[in-house]
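What follows is one structure encoded as structure tokens, with my remarks underneath.
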Amino acid sequence: MLYLIGLGLGDAKDITVKGLEVIKQCHKVYLEAYTSMLTVGKEVLEEFYGRELILADRETVEQEADNILKDADLFDVAFLVVGDPFGATTHSDLVLRAVKLGIPYRVIHNASIMNAVGCCGLQLYNFGETVSVVFWTDTWKPESFFDKIGKNWQNGMHTLCLLDIKVKEQNLENLMKGKKIYEPPRYMSVNQAAEQLLAIVQKRRLQGEEPEITEDTICVGLARVGATDQKIASGTLQELSTVELGGPLHSMIITGAMHPLEIEMLKLFAVDKLSFENKMCQRNT
């Protein structure tokens with residue numbers, strides 16, 4: 001049996017009782033280590049679970065998936081995913097490979113950022129399409145996510161922005177030379193995401209457009225959701241470009257139409273409560 005097990009969002013203790021029981025019975029336990037991260041490292045997880053974990057990076061999962069499944073027809077194999085196995089990043093390919101090999105699978109779910117963002121007070125059924133905001137480079141500055149945010153806004157929906165994670169990435173030179181030399185890990189902050197959005201707003205104006213999303217759009221920044229030092233900040237897009245939320249992982253929400261209860265909740269986390277109230281008054285009028 002192949003088990004795909006969600007670990008939740010905080011630390012080692014966020015795993016479900018069912019998930020922990022399965023881990024203890026498995027022959028091999030893999031830890032997916034490139035789409036997200038917990039507040040604790042592999043060693044802490046191993047101590048709590050009482051099992052050795054095999055790190056599965058992007059290369060292992062995408063190019064060597066058959067190695068993960070190699071013994072799953074004879075023994076139980078667990079594949080651990082931060083959050084939920086089918087949350088922000090699907091692992092459908094692993095499931096399809098298992099089915100093709102005749103290996104049964106089972107999913108043990110857990111909390112993911114997709115539902116835990118409700119902690120800020122915005123109602124989950126008011127969210128539209130989720131987008132990913134990627135790190136820009138000097139030569140690559142995609143904007144397609146901005147258009148999706150605009151469509152959600154036009155429909156009165158909030159947008160969850162998942163911010164880029166760069167783990168075990170190669171620069172172009174090493175990639176072309178086939179050298180397995182990797183760049184240091186990078187995790188996009190709410191500040192960086194807001195700055196990129198503001199740059200797009202300015203660019204669109206120079207092109208003669210007036211985008212729906214502006215410097216005054218109310219947004220929410222979230223950091224380390226599910227951890228004891230979780231932080232939430234609400235304010236304008238401009239304000240979130242300078243707010244300090246600490247270490248990774250960060251997420252951001254661009255708000256759409258808001259129910260009075262949603263507004264009251266966001267006021268609890270306002271960077272500047274007076275400014276927030278003024279913006280809400282302007283918005284309602």
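The values are calculated or read from the model by the stated rules, or taken from the named source; none is laboratory data. Not measured: the values here are computed from a predicted model. For neighbour counting, all protein chains shown are included, and Cβ atoms are generated from backbone atoms with ideal geometry for every residue, glycine included. What goes into the accessible areas is simple: the full protein's heavy atoms, side chains included, and nothing from ligands, DNA or RNA. Shrake-Rupley method; radii C 1.70, N 1.55, O 1.52, S 1.80 Å.
When residues in the stretch 133-161 are screened for being open to solvent by 50 Å² or more (accessible area, probe 1.4 Å) and within 15 Å of Ile200 (Cβ to Cβ), 8 of them pass. Residue pairs whose Cβ atoms lie under 6 Å apart, separated by 6 or more positions or on different chains, with the first residue in the stretch 246-275 and in contact (Cβ under 8 Å) with a residue 40 or more places away in the chain and the second of a type in the set (A, V, I, L, M, F, W, C) and open to solvent by 40 Å² or more (accessible area, probe 1.4 Å), are Gly256/Trp153; Gly256/Met157.
Would it be correct to say that Asn126 is of a type outside the set (Ser, Thr, Tyr), surrounded by fewer than 18 Cβ atoms within 10 Å (Cβ to Cβ) and touching a His at 6+ places or on another chain (Cβ under 7 Å)?
Working: of a type outside the set (Ser, Thr, Tyr): yes; surrounded by fewer than 18 Cβ atoms within 10 Å (Cβ to Cβ): yes; touching a His at 6+ places or on another chain (Cβ under 7 Å): yes.
Yes.
Conditions tested, residue by residue: (1) modelled with pLDDT of 90 or more; (2) more than 20 Å from the chain's Cα centre (by Cα); (3) open to solvent by 10 Å² or more (accessible area, probe 1.4 Å); (4) among the hydroxyl-bearing types (Ser, Thr, Tyr).
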| position | (1), (2), (3), (4) |
| --- | --- |
| Met1 | yes, yes, yes, no |
| Cys26 | yes, yes, no, no |
| Met37 | no, no, yes, no |
| Tyr49 | yes, yes, no, yes |
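Counting only strands (runs of 3 or more DSSP E) that fall entirely inside the stretch 148-247 and contain at least 2 residues that are touching a Lys or Arg at 6+ places or on another chain (Cβ under 9 Å) and either at pLDDT 95 or above or small (Gly, Ala, Ser) (or both), the qualifying elements are 218-223, 231-236.
Note on the stretch 62-120: residues that are open to solvent by less than 20 Å² (accessible area, probe 1.4 Å), of a type in the set (Gly, Ala, Ser) and over 25 Å from Val131 (Cβ atoms) total 4. Taking the listed residues Thr228, Thr236, Thr214, Thr242, the one that is of a type outside the set (Lys, Arg) and buried (at least 19 other Cβ atoms within 10 Å of the Cβ) is Thr236, with no other qualifying. Scanning the stretch 102-147 for residues that are more than 18 Å from the chain's Cα centre (by Cα) and in a strand (DSSP E or B) yields Tyr105, Arg106, Val107, Ile108.
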